[in-house]
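J.: Submitted below is the structure of interest, expressed as structure tokens.
Throughout, read-outs are computed from the coordinates displayed, never taken from laboratory work. All values derive from a computational prediction rather than experimental measurement. Neighbour counts run over all protein chains shown; Cβ positions are idealised from the backbone, glycine included.
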Amino acid sequence: MSIIYINPFQFGLAYDADAQDYINRVIAADVAAGNTSGLEVGVQDAINDFFVGCKADGIFSALKASCILAGARTLDGALVPLVGAAPTNNFFGDADYDRETGLVGDGSTKYLDSNRLDSDDPLDNFHCSTYLTTAEPTSNVVMYMGLSGRLQHGSNATNAFFASKTTGFSNATGSGKPVNFYGQQRSSLTTETARVNGNTYTVNTTAQVNNANPIFVFKFSQNPTPYHPSARLAFYSIGESLDLAALDTRVSNLITAIGAAIP
């Protein structure tokens, strides 16, 4: 008989309503995929803390498309959207998913279509982020998230690089390729900011015309050279501009807590 983990808050203080809805949807997807074990209380607590913390920071409403690619019992559960549309899975299989460390790329074919268009967010009101749990093992130029000519979010042989709503890009000089949060946001037509390895970088760039094409994760979309990574990601988000440092803290705490809660 499978072990069912009971939410201890159901008999007293309830979880945040949006967190509970997300937890219910993940468990339902896991069950539909054949796993009836439920989520550990610690995993549920970590998810609730993330929702509550993001709302307290005033950044939750800026998340428009997002997945926690960890915690769930199955790949199907991990692809349940935290908010927004569910991503379209292209070629990832069950063996690519780890509950603690997320989804691993293969460097050649596998990616997610976020089903959020670049044009869904204004030129001066945009963010995206990922959380790496393993570093890119190659010296290749890779895109953890991207859209040709508008959004670059990845790394080269030595550093992370970013571009938001613009054709140019900027290296986060000296950042290396760390295992942690990568984020970028634009709240101005003339400047953008990026965050990696706990540091925030501000760059003067000019926003371009929006592109009505979808943003991909684990791949550069609308480009014959997709730059697939082989790194492992445990979170992504796309949406409106926000406090990158606050999101960094919340996502980092979330992934750490999920890892600690899984036996």
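J.: How are the alpha carbon pair distances in the stretch 8-261 distributed across 5 Å bins from zero to the largest one, expressed in percent?
T.: In whole percents, the pair-distance histogram is 1, 7, 14, 20, 21, 17, 11, 6, 3, 1, 0.
J.: From the phi of every residue in the stretch 18-33, what ³J(HN,Hα) in whole Hz does the Karplus formula 6.51 cos²θ - 1.76 cosθ + 1.60 yield, where θ is phi - 60° and glycine or proline is x?
T.: With coefficients 6.51, -1.76 and 1.60, one gets 5, 5, 5, 4, 4, 4, 4, 5, 5, 4, 4, 5, 4, 4, 4, 7 Hz.
J.: May I ask for the net charge around residue 112, where only other residues with Cβ less than 12 Å from the Cβ of residue 112 are counted and Lys, Arg are +1 while Asp, Glu are -1?
T.: +1
J.: Net charge near residue 55, counting Lys/Arg +1 and Asp/Glu -1 over other residues with Cβ under 9 Å of its Cβ?
T.: -3
J.: Oh, and also: Starting from the amide H of residue 211, placed 1.01 Å from N in the peptide plane, find each other amide H under 5 Å away whose residue is 5 or more places distant or on another chain.
T.: The answer is 119.
J.: Count charges around residue 214 for me, please; just the other residues with Cβ under 14 Å from its Cβ, Lys/Arg as +1, Asp/Glu as -1.
T.: Around residue 214, the surrounding residues sum to 0.
J.: Further question on the same structure: With θ taken as phi - 60° and the coefficients 6.51, -1.76 and 1.60, list the Karplus ³J(HN,Hα) couplings across the stretch 251-257 in order, rounded to whole Hz; mark glycine and proline as x.
T.: Here the 3J(HN,Hα) series is 5, 4, 5, 4, 5, 5, 5 Hz.
J.: Under 8 Å for C-alpha pairs, at least 6 residues apart: give me the relative contact order for the stretch 8-261, rounded to a whole percent.
T.: The normalised contact order for the stretch 8-261 reaches 25 percent.
J.: Give the shape of the stretch 1-135 as rounded, prolate or oblate, defined through the alpha-carbon gyration tensor: a ≥ b ≥ c are the square roots of its eigenvalues, a/c under 1.5 means rounded, and otherwise the shape is prolate if a/b is larger than b/c and oblate if not.
T.: Oblate.
J.: Under the classification rounded if a/c is under 1.5, otherwise prolate if a/b is larger than b/c and oblate if not, where does the stretch 179-263 fall, given a ≥ b ≥ c as square roots of the Cα gyration tensor eigenvalues?
T.: Cα axes put the stretch 179-263 in the oblate bin.
J.: How would you classify the stretch 76-165 from its alpha-carbon gyration tensor, with a ≥ b ≥ c the square roots of the eigenvalues: rounded for a/c under 1.5, else prolate if a/b is greater than b/c, otherwise oblate?
T.: Oblate is the answer for the stretch 76-165, as a/c is 1.5 or above yet b/c matches or exceeds a/b.
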